[in-house]
Amino acid sequence: MDIQLGTIIHSDDGSSIHMADSITDDQHKLLLDSIADLHHFENNKRLFEIAFQNKNEFVDTLNRDIKQMILSSLSISGDKKTYYKNHLNFNRLFLNYLSSIKTFIDHNDTNIKRRYGKDSDEVKEFTKITNYYFDNSFAYRFFSKLRNYAQHCGMPLQEFAISVTRTEENGYVGSSELGFSPKDLLENFDDWGRIVKEDLKKRSSNFPLAPLVEEMTQVLLDFWLNVNRINEKSVSIAIDNIKKISGHLKKGNANVCIFTNVKDKPDGSVKNLETLTIPYDIIDELESNGSA
């Protein structure tokens, strides 16, 4: 099978295909493996961004709707419909956040084992990283177990307190706190694990959610940097391989492509082909950020 490199240029007049070099099967395989490495990086980045977007959506919604709930509590009868609607929405968004954290971490675990081997130095380094966060961050180990709790025992956010205080000027000030009851968590779920169970037993009163979200934010940022450090060598090798084989074709706004199953018409024009675009956009972003 003839495998060719070339470019596709898009303009207002349409798209034009320009064939260039033929490459060997070995070069083709090396390009495909290198492209896969870059796509693994890009997919992981998207999972990381999803976790952060879910966190931001949860926090922004909470800050916005909590005011509505406080105003409702200041009314004579209160608005139970508003309370239940917001309580449900907070749990929905928080569950999305917990699930995206687990997806991001589990994806890295699976991907690193597949790429480097279960007994590799990279897997040992990843295990060291996750063990460190589990040992040193209550938010990390609690959230990992809380997602399992939510799967088996119901909504993760139960303790939602709204209070109203009368001021000296005969006005009212409302406040709220969203958190957890260690007593209820321990009574409703048996699979916290020895360490998290001890964490919860040590807490004599309810504890708030907000500081845990802040702590988990920093953990995710550190986790992302450490995982990138593990993958840095393979990503750099992938970029070098791609550039050595196809870099001479990267010019202007042209998409550098691999063309396979090329079939020509009798007049020599292209009748059919299969196209794979080489992700120079990912390479450009990595190099501009100093990550490659």
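Just a few scattered comments:
- Pair list, Cβ < 6 Å and 6+ apart or interchain, from segment 1-16 residues that are within 15 Å of Leu276 (Cα to Cα) to residues that are of a type in the set (Asp, Glu): Leu5/Asp21
- Residue in segment 166-179 that is within 27 Å of the chain's Cα centre (by Cα), at pLDDT 90 or above and under 22 Å from Asn91 (Cβ atoms) present: no
- Single residue of segment 211-233 satisfying the filter (in contact with a Ser or Thr (Cβ under 8 Å, 6 or more places away or on another chain) and at pLDDT 95 or above) that is surrounded by the fewest Cβ atoms within 10 Å (Cβ to Cβ): Glu215
- Residue count for segment 185-238, restricted to those that are basic (Lys, Arg) and under 30 Å from Leu38 (Cβ atoms): 2
- Residue check for Ile76: closer than 17 Å to Glu177 by Cβ, modelled with pLDDT under 95 and of a type outside the set (Gly, Ala, Ser): no
The values are calculated or read from the model by the stated rules, or taken from the named source; none is laboratory data. Keep in mind that what you see is a predicted model, and the values were worked out from it rather than measured. Methodologically, a virtual Cβ is constructed for each residue, glycine included, from the backbone with ideal geometry; neighbour enumeration extends over all protein chains shown.
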